[in-house]
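The values are calculated or read from the model by the stated rules, or taken from the named source; none is laboratory data. Every value quoted in this text rests on a predicted model; they were computed, and no experiment measured them. Ideal geometry is used to build each Cβ from the backbone, glycine not excepted, and the neighbour counts take in all protein chains shown.
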Amino acid sequence: MLYTSLILGLVSSLHCVGMCGPIALSLGLSKEENINLYLKNLTYQFGRVTTYTFFGLMVGFFGSGIQLILPQQLISIMVGVIMLALMVLPKVLDLTSFNNPLSHLLLKIKLSLGKLLGNKKYNSLYTIGVLNGFLPCGPVYVALTAAIASTNVLESALFMFIYGVGTIPLMFITVLFGNKLSSNFRNTIFNIYPYILVILAILFVLRGLELNIPYVSPPKETLQIAPSKKCH
């Protein structure tokens, strides 16, 4: 699961360059001296990771409740099917199209981001990252769906933390060299993302089918949680 979260984060960063890239470029860090550029860049990136980890804790409590009812194998299959559905029905992820309290909350987040952009202090950059993590993002929803299949709350939070870390390399490079990336290049890597995500979704389904394929679809005994040993 944790390897999956890292791969999912790396793949999701292809999407992030297209969607969140403008925010990253608006930070105006390219004029900073080298050491400050790297530290401030990381500060912004870990602001996003903080929000993703928080989300992981929240869905972890939800997932723990589901695992009391459904077996781990069935949860894995359901997660894969939901991930595929989210790709086939992208409008499901468009939360901004609804006239509800959530839309007003998102508007406030965007206004707060607007006020902070241009402020290059570390606390402001971290806050921008945190707020950026709350903006609607299809890949994050997919990652949260996958995190539900984790075995407990802490693993769900760790799943989302590693997912966030996986998004950092490409986003870090975007902040450094984003202005030099052509729009065609960004559109190309943006379009690759759905195909890789479909592959990951299929892997989740295979994982739950217990086909005894090493590293892809392990047998039932591997997926079961071993009971804790008691000390005598």
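Let me confirm something: among THR43, THR4, THR53, which residue is among the hydroxyl-bearing types (Ser, Thr, Tyr) and modelled with pLDDT under 85? Before you say what the answer is, go through the steps one by one.
Numbers: THR43 fails: modelled with pLDDT under 85; THR53 fails: modelled with pLDDT under 85.
Of the residues listed, the single one that is among the hydroxyl-bearing types (Ser, Thr, Tyr) and modelled with pLDDT under 85 is THR4.
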Item to check | Residues that are surrounded by 19 or more Cβ atoms within 10 Å (Cβ to Cβ), assigned to a helix (DSSP H, G or I) and modelled with pLDDT under 85, drawn from segment 119-145 | outcome: GLY138, PRO139, VAL142, THR145
